[in-house]
1. I'd like the full set of residues that are charged (D, E, K, R) and at pLDDT 95 or above, limited to segment 44-83.
2. Can you find even one residue in segment 6-17 that is hydroxyl-bearing (Ser, Thr, Tyr) and farther than 23 Å from Leu74 by Cβ?
3. Restricting to segment 44-76, count the residues that are exposed (fewer than 15 other Cβ atoms within 10 Å of the Cβ), out of contact with any Lys or Arg (no Cβ under 7 Å at 6 or more places or on another chain), farther than 18 Å from Val31 by Cβ and not small (Gly, Ala, Ser).
4. Can you give me the number of residues within segment 21-64 that are within 9 Å of the chain's Cα centre (by Cα) and in a loop (DSSP other than H, G, I, E, B)?
Amino acid sequence: MIVPTPRGLYQRYAIQHADGTQCDPDAVYFVLRLNSTDLAHRDASIAAAEAYAAVAKEYHHLRQVGIDLEKIALDFAENRELS
């Protein structure tokens, strides 16, 4: 069942570092779920991840992040119909 999101963007997640420490309270994060059961969300998330990966690969210090994210996004894109 697809649930509409009439609220648009809003704070749905509390983000913290993997070690439990707090992130910059002024930082803005946008969470993507590449394996969402909602196909519209999944397609949008995969497209966003692919776009980020393409740009990240252009920067030396983000190149590996871009390569890794591109592979993950491709894996999910290829398995879109299987999930």
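The values are calculated or read from the model by the stated rules, or taken from the named source; none is laboratory data. The structure displayed is predicted, hence computed values, not measured ones. Here the Cβ is made from the backbone with ideal geometry for all residues, glycine too, and neighbour counts use every protein chain on show.
1. Quick first cut of segment 44-83, residues charged (D, E, K, R) only: 50, 57-58, 63, 68, 70-71, 75, 78, 80-81.
The answer is Glu50, Lys57, Glu58, Arg63, Asp68, Glu70, Lys71.
2. Let us first name the residues in segment 6-17 that are hydroxyl-bearing (Ser, Thr, Tyr), namely 10, 13.
Checking the rest, the ones that are also farther than 23 Å from Leu74 by Cβ come to 10, 13.
For segment 6-17, residues hydroxyl-bearing (Ser, Thr, Tyr) and farther than 23 Å from Leu74 by Cβ: present.
3. 9
4. 5
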